1. With respect to Arg536, is the statement that it is modelled with pLDDT of 75 or more, open to solvent by 20 Å² or more (accessible area, probe 1.4 Å), closer than 26 Å to Trp464 by Cα and not in a loop (DSSP other than H, G, I, E, B) true?
2. Just give me the residues in region 456-488 being open to solvent by 20 Å² or more (accessible area, probe 1.4 Å) and in contact with a Gly (Cβ under 9 Å, 6 or more places away or on another chain), in sequence order.
3. Give the residues of region 548-567 that are open to solvent by 10 Å² or more (accessible area, probe 1.4 Å), modelled with pLDDT under 80 and out of contact with any Lys or Arg (no Cβ under 6 Å at 6 or more places or on another chain), sorted by residue number.
4. Which one is nearest to Leu228 (Cα to Cα) among residues in region 284-342 that are β-branched (Val, Ile, Thr) and open to solvent by 50 Å² or more (accessible area, probe 1.4 Å)?
5. Among the candidates Ser301, Ser273, Ser340, Ser323, which residue alone is part of a helix (DSSP H, G or I), among the hydroxyl-bearing types (Ser, Thr, Tyr) and more than 23 Å from the chain's Cα centre (by Cα)?
6. Quick check on my filter: what residues within region 116-165 are open to solvent by 50 Å² or more (accessible area, probe 1.4 Å), out of contact with any helix residue (DSSP H, G or I) (no Cβ under 8 Å at 6 or more places or on another chain) and in contact (Cβ under 8 Å) with a residue 60 or more places away in the chain?
7. Tell me the residue from Leu491, Leu432, Leu440, Leu422 that is in a loop (DSSP other than H, G, I, E, B) and surrounded by 14 or more Cβ atoms within 10 Å (Cβ to Cβ), please.
Amino acid sequence: MLLIVAFVLVGVRFLSLVAASPPALPRDGRPLAPGAADLSADLRRLRTLRHRRGPSAWERAGRRAVPMFVAAAFALAAWRFLALHAGMTPRAVPELASLHGSDPVSGPDMRWWNWWDQWLYLRAALAWGRGLTDPALHWYLPGYPLLGAPFTRLTPLDPFLLPNLACFLAALACCMGLGCRLLDAGRWSVPLGAAAFAIAAALPTVVTQDWITPWSTTPETPCFLGALWLMLGIGQSGRPVRHGIAAGVLAGLVGGFRPADGLVILAVVVPGSFWLAGPRRPWGARGWRAAASVAAGASMSLGIMAAAYLAVWGPHPSPYVASSGKIGFEFGLLRFRWVSMMINPAPLLPDGIGLAQAFPWIVAGAAGLAASLIRPGRAGRAAHGLVGAALAGDLVLFLCYRDLHPVGLWRFQLHHYFKTVLLLFALYAGRLVVMVVAGLHRSRRADIPAAIAGVGFAVALFNWHFVFVPVHPLPRRGIDGIVIPGGFRSLSAMVLVPGHGSTNSLVAPGRAVRADGRPMRFGKDVVAYDPGDALRVLPLRLMPPSDTVLLFGKGTAMAGDEQPMLGTLRLRWGLPPHWFQRAGAPPP
């Protein structure tokens with residue numbers, strides 16, 4: 001048996017050498033020049049003759065297979081989307097007249113229209129469909145509701161069905177396009193881009209549901225990816241102005257759907273197009289024209305969005321804009337949120353999981369991005385650096401948003417914020433595989449050390465966890481309050497309250513949290529988690545150095561024989577226990 005296997009391997013190797021070797025006589029009939037000195041001339045003549053013959057049968061078949069593969073990928077993605085949508089779609093939609101209230105219209109057939117955000121999107125879409133600009137019917141920015149407005153009568157059960165499906169397929173196209181720009185895998189770049197989309201969007205049911213459920217991140221994601229794709233093509237295009245205008249239009253649409261994400265993508269695409277348009281002469285006129293075209297395209301799409309905004313609220317901030325501005329970002333939370341949301345939320349939620357546990361390709365993607373930047377040579381480094389900057393900017397933005405917490409990541413499907421991040425990490429996971437496989441070839445041996453260094457970077461980035469270190473017990477105030485002497489002195493402080501209750505108990509009417517005599521807001525200044533054993537209370541911003549009183553609402557019952565404990569969350573090297581056992585597990 002071993003001899004048979006050996007003969008087969010030798011035969012395969014021989015046939016591959018024969019197929020790769022030049023023929024003894026070229027097809028023009030002239031004999032090869034004698035002597036080793038003329039070998040290079042013969043090889044040049046053979047290449048010319050091969051080019052004259054045209055592509056081989058295998059090459060022609062490969063060219064025909066690419067469109068077929070792309071069509072099959074789109075068909076399978078659409079089938080996956082529609083199959084899941086059939087089991088999720090609401091069976092009834094409330095009338096516009098019933099949407100003037102302050103609460104969603106409840107009912108067993110409403111499904112996601114019972115949810116606060118989706119109800120607001122539906123109300124705005126129905127209002128836009130009837131040409132109503134009453135501010136009482138609108139909450140969010142008009143970009144996403146305008147997409148559903150034309151379909152309120154065509155698909156009344158879900159006006160966002162066709163727009164969401166179009167965005168889902170557009171994201172697939174952008175992943176295949178970015179695969180061609182980033183993966184450096186030749187003819188395999190398009191299939192690998194499609195595979196990255198399947199891994200990060202189509203196959204995980206919980207992620208596909210994020211594309212089906214109405215969220216403003218659904219149109220934002222393909223616009224974000226498309227702007228990056230077009231930006232990367234500016235340097236290779238003979239018409240950088242057209243590419244720049246298209247990239248600017250998409251980046252402006254991102255800002256119209258989600259303004260903070262728009263700032264991130266514009267901060268990358270404008271200087272990126274300036275640099276990529278003329279890498280040999282970065283300060284030349286070609287770079288300035290590309291950057292100006294991006295700015296012009298962005299101004300066009302932002303102008304359209306601004307016109308729709310002014311039609312509803314005029315030159316005044318909308319309630320959503322005012323509310324988001326009050327919540328704001330706290331960049332001091334970045335370290336805490338990176339560990340608690342990306343790696344593991346223990347000890348806040350002992351049974352919870354992080355994004356990297358639920359979607360393990362995040363770790364491989366971080367390694368692939370680092371390896372692409374570490375790899376020797378300047379070829380492609382600017383492109384990977386720009387995409388990495390967009391990915392990091394988007395990730396930091398969401399991790400530092402005060403109202404995005406580990407408890408809501410799975411309970412309220414807030415992982416939909418990370419659609420773009422998941423797809424980019426999946427692409428770079430494919431890039432890591434390409435580097436490892438290509439590194440086996442002699443001409444690309446430098447890829448292997450770079451891949452190893454990237455894996456080491458990912459290990460250093462994800463190998464952390466928090467532990468709770470008690471500091472001192474806290475005095476109680478009556479039966480439903482506690483006092484924190486000196487208040488929350490750092491963003492890593494945490495109060496452990498024995499008992500159980502609702503995570504919203506701090507926002508009960510008349511039961512506010514107070515520091516230095518001033519009321520503080522739940523979800524904006526402090527947040528509470530209740531995994532079942534004890535309530536955890538944490539600050540979301542730095543507090544004044546004075547005594548803080550926590551008054552709990554009726555939904556919280558403190559244990560009568562245990563004292564609350566003030567402690568701090570300390571960062572420790574190493575993964576939390578049972579991390580690998582739960583990696584890839586379905587979210588809670």
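1. It is false that Arg536 is modelled with pLDDT of 75 or more, open to solvent by 20 Å² or more (accessible area, probe 1.4 Å), closer than 26 Å to Trp464 by Cα and not in a loop (DSSP other than H, G, I, E, B).
2. Within region 456-488, Asn463, Trp464, His465, Phe468, Val469, Pro470, Val471, His472, Ile479, Asp480 qualify.
3. Answer for region 548-567, where residues must be open to solvent by 10 Å² or more (accessible area, probe 1.4 Å), modelled with pLDDT under 80 and out of contact with any Lys or Arg (no Cβ under 6 Å at 6 or more places or on another chain): Lys554, Gly555, Thr556, Ala557, Met558, Ala559, Gly560, Asp561, Glu562.
4. Ranking the qualifying residues of region 284-342, first place goes to Ile304.
5. The conditions single out Ser323.
6. Once the filter is applied, which keeps residues that are open to solvent by 50 Å² or more (accessible area, probe 1.4 Å), out of contact with any helix residue (DSSP H, G or I) (no Cβ under 8 Å at 6 or more places or on another chain) and in contact (Cβ under 8 Å) with a residue 60 or more places away in the chain, region 116-165 yields Pro156, Leu157.
7. None of the others qualify; the one that does is Leu491.
Residue-wise test of (1) closer than 25 Å to Gly328 by Cα; (2) buried (at least 19 other Cβ atoms within 10 Å of the Cβ).
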position: Gln357; (1), (2): no, yes
position: Val363; (1), (2): no, yes
position: Ala371; (1), (2): no, yes
position: Gly385; (1), (2): no, no
position: Leu395; (1), (2): yes, yes
position: Phe412; (1), (2): yes, no
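The values are calculated or read from the model by the stated rules, or taken from the named source; none is laboratory data. All values derive from a computational prediction rather than experimental measurement. Every residue, glycine as well, gets a Cβ built from its backbone with ideal geometry; the counts of neighbours run over all protein chains shown. Remember, those area values only see protein heavy atoms, side chains included, never the ligands or the DNA or RNA. Shrake-Rupley method; radii C 1.70, N 1.55, O 1.52, S 1.80 Å.
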